[in-house]
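One structure is given below, encoded as structure tokens.
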Protein chains: 2
Amino acid sequence: MKKSDLVTSILKNQSAKAAAPAEAEAYASANIALIKYWGKRDQELNLPNTSSLSISLSVFGTRTRVKHTKGSDKIFLNKKKLAASDGFVLRIRRFLDLFRSKNEYYEINTLNTVPTAAGLASSASGFAALVKALNDFYAWGLGPRELSILARLGSGSACRSIEEGFVLWNCGIRKDGMDSFAEKIDIRWPELAIGVIMLSTEKKKISSREGMQRTVETSVLYHSWQQKVEQDLARLKQALENKDIALLGQTAESNALSMHATALAAWPPVCYWQPKSLEMIQRVWALRHQGLGLYLTMDAGANIKLLFKSGIEKVVKNHFPTVECIYPFK
Amino acid sequence: MKKSDLVTSILKNQSAKAAAPAEAEAYASANIALIKYWGKRDQELNLPNTSSLSISLSVFGTRTRVKHTKGSDKIFLNKKKLAASDGFVLRIRRFLDLFRSKNEYYEINTLNTVPTAAGLASSASGFAALVKALNDFYAWGLGPRELSILARLGSGSACRSIEEGFVLWNCGIRKDGMDSFAEKIDIRWPELAIGVIMLSTEKKKISSREGMQRTVETSVLYHSWQQKVEQDLARLKQALENKDIALLGQTAESNALSMHATALAAWPPVCYWQPKSLEMIQRVWALRHQGLGLYLTMDAGANIKLLFKSGIEKVVKNHFPTVECIYPFK
């Protein structure tokens, strides 16, 4: 199924419920998956092979403003106008083509508080903010489910950035993906801290899209990975219900390491780690060995995200001086 | 089944075919697996879940001398007498108990040309050399098959160090393991080079025995790993027949990375890499990306072994100044 056909069917019953404003602005947080999304059953619609579960990063995210302009699209990233040939511009414009009429052009202003393409899911918050802004701009009046589906068409994990807090993306089974959207999990956990350690702001050499596709096609471990996701989802839900940091940490860390492991077994091998990443990973293991309730997760990039409870923030900062601590529920 | 019962049954028909000498000496090469052994179906008899295939390291190995002594065992490693409480001594003595009568004591002199427990399989060459020396010392007259089985009782991969060159360890299915031994593959490949890069001579924190057991028990990826071994064995045999370095290198590297990947998915995670290992791995990938026929493998340790053909030795040495090049067939 084509993206454009799906968009048409979602928007066909949406008559503007309010007057469309001349300009619209929206914010979406980045999210990190505690149970990872790695591998698609549909490349066009970004439909995943497995469900995933994420937590939003509150102040790390994207603010996007949309208005009309004449003659051609103008895309600004962090206040800098991007060249028409920029990869990011091409991706945004292809996405906007799904919604616009002929001779309709946009000025898009995007402010990221996350380094672009450094494994901190800036495309997730970016497409989520854009979809939310478009919803206001056209006064579609869509709810979070439809917005999640539209965001997914821009970038898979963007569907998890429409809502805040813990979010579950059900993989779904439908061919048109109308059952593949993310939903908020109604659990608050104010003590939960995410510590972001930026090791690289460089664009990664292998995109997530390319890395996961190569993994699905060539990694013999992928079959077992899918089974692991099922087990880990059940464990993580239990950890959230009981606010059990050890179970959450162990499940998320093991899931992340397994995702990277599965990618490593692809050919050519897919590896997002840098030597510095491994140094940090081993530091986390050494501290945990000493009894500290500290866990880690990693997305498709070199950076490390720590998982812990607020009580040990000071200790964590001592051992990781560059860490930025985020409390998703504060 | 107990080791001692198995040894009794192997030796029961062996009458000394020659006069036993007062002293015996033997040499065995270390070996590196191109298709890895990772996980046991029997802890006592070191019976593996999967077959494996290795190449011997010629000058890297162990020379062992055996003679009788009075009162207590005396074990020398690299000319230094070891304390009775040393872990290595305890392991050797338990092994010798399988063969000796009451009040029979040995002086064992072991010379390693491989750093002990640094992931270069010194226990493999060590137990293989010891078994070969005992075969002469007692004039058992055992052939390579039985020697391979006896060496396996000391250390699994030791069964692959009885013979030189390419060696296949058939996992077997029998409970007593009498069909689980290593056999020489009758292929010579004089151009094949192994480049050993020693990054650490420290004893590893997690032994192979512990690492593989934890992997089998807790890593969800282990099931797929076993399937990968089957595929890789078939591919590697084809590579040997055609002397195809690209197929050999790709198969061995992917198999090694998958073994480490499977271990990483265990809990607690099992990781033998050091940041420096990853740096070397990425250097290999970068060179291969430039067209060099260079591949790598790693055992349960931080060190890297390169696989390539003699023609590029100079280039390899330029990029890895500390590499030691070994030609198993020269």
Other-copy label distances relative to B:T322, 7 angstrom Cα-Cβ extension, nm: 2.4
Likely footprinting exposure, A:M259, A:M178, fewest C-beta neighbours within 10 Å first: A:M178, A:M259
Inter-probe distance in nm under a simple model that places probes 7 Å from Cα toward Cβ, at B:D186 and A:N242: 6.1
Average beta-carbon neighbours from other chains, 10 Å sphere, peptide A:243-255: 1
Other-copy label distances relative to B:K70, 7 angstrom Cα-Cβ extension, nm: 11.2
Built amide H within the under 5 Å cut-off of A:S207, gap 5+: none
Cα-based helix-to-principal-axis angle, A:87-96 vs chain A, degrees rounded to 10: 50
Listed residues B:A252, B:F137, B:V315: farthest to the positive end of the dipole of the protein assembly as shown (Cβ charges): B:V315
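In debye to the nearest 20, how big a dipole does segment A:192-326 give about its Cα centre with +1 on each Lys and Arg Cβ and -1 on each Asp and Glu Cβ?
Details: 16 positive and 12 negative charges, 47 e Å.
Charge dipole of segment A:192-326: 220 debye, to the nearest 20.
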Distance between modelled label sites at B:K102 and A:L292, nm, 7 Å Cα→Cβ extension: 5.7
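How shielded is A:276-284 by partner chains, expressed as the average number of their Cβ atoms within 10 Å of its Cβ atoms? Present the calculation step by step, with values, prior to reporting the outcome.
Working: counts 3, 2, 8, 4, 1, 5, 4, 0, 0.
Whole-number average of other-chain Cβ neighbours for A:276-284 is 3.
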For B:S9, net neighbour charge (Lys/Arg +1, Asp/Glu -1) across residues whose Cβ lies under 15 Å away: +2
For A:N170, inter-copy label distances in nm, listed shortest first [label point 7 Å out on the Cα-Cβ vector]: 5.3
Karplus (6.51, -1.76, 1.60) ³J(HN,Hα), θ = phi - 60°, over segment B:55-67, in Hz, Gly and Pro reported as x: 10, 7, 9, 6, 6, 8, x, 9, 10, 10, 10, 10, 8
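Hey, what did segment A:1-78 get for relative contact order, percent, Cα under 8 Å, at least 6 apart? If you can, show how the numbers build up before the last one.
Values: 81 pairs, mean separation 26.6, N = 78.
With pairs under 8 Å counted, the relative contact order is 34 percent.
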Inter-chain Cβ neighbour average for residues A:257-270, partner chain, 10 Å: 6
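With only Lys, Arg, Asp and Glu charged, each at its Cβ (+1 for the first two, -1 for the last two), find how big the charge dipole of chain B is about the Cα centre; round to the nearest 20 debye.
Values: 45 positive and 31 negative charges, 124 e Å.
Result for chain B is approximately 600 debye, rounded to the nearest 20.
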Long-range amide H partners of A:K40 with built H, under 5 Å: A:N49
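Would you mind ranking B:V323, B:V59, B:V229 by Cβ crowding within 10 Å, fewest neighbours first? Intermediate values should be presented prior to the final figure.
Values: B:V323 21, B:V59 13, B:V229 26.
Ordered by Cβ neighbours within 10 Å, fewest first: B:V59, B:V323, B:V229.
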Lysines whose Cα lies under 18 Å from that of A:K237, excluding same-chain neighbours fewer than 8 positions away: A:K36, A:K184, A:K228, A:K309
Per-residue [θ]222 nm for chain A (sum of -39500 (n - 2.57) over DSSP H runs n ≥ 4, rounded to 500): -11500 deg cm²/dmol
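I need B:I187, B:I162, B:I55 ordered by Cβ neighbour count within 10 Å, fewest first.
In order of increasing Cβ crowding within 10 Å: B:I187, B:I55, B:I162.
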Segment A:3-184: proportion of alpha-carbon pairs further apart than 23 angstrom, %: 36
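Rule-based calculations on the coordinates, nothing more; no lab input. Values in this document were obtained by computation on a predicted structure and should not be read as measured data. Positions of Cβ are backbone-derived with ideal geometry, glycine not excepted, and every protein chain shown enters the neighbour counts.
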